[in-house]
1. Name every residue in the stretch 7-43 that is surrounded by fewer than 12 Cβ atoms within 10 Å (Cβ to Cβ), in a strand (DSSP E or B) and in contact (Cβ under 8 Å) with a residue 12 or more places away in the chain, in order of residue number.
2. Report yes if some residue within the stretch 44-60 is assigned to a strand (DSSP E or B) and at pLDDT below 90; otherwise report no.
């Protein structure tokens, strides 16, 4: 894996596949070799997450 400066796409996005990976079922035979974007806007997963309502039953069970 290597990083490619590309501000047009979110950081961590695969922008180049050097060698494809292979798998059979759940078993990985060879992982892919890819280039990922660096320096772009944050992805949705990295965005600020607001806490949801408290699950009072889960707190009572703990």
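1. Result: 17, 18, 19.
2. Initial filter on the stretch 44-60 (assigned to a strand (DSSP E or B)): none.
Taking every residue of the stretch 44-60 in turn, none turns out to be assigned to a strand (DSSP E or B) and at pLDDT below 90.
The values are calculated or read from the model by the stated rules, or taken from the named source; none is laboratory data. Predicted, not measured: the structure shown is a model, and the values here were computed from it. Quick reminder, even Gly has a Cβ in these numbers, built from the backbone with ideal geometry, and neighbours come from all protein chains shown.
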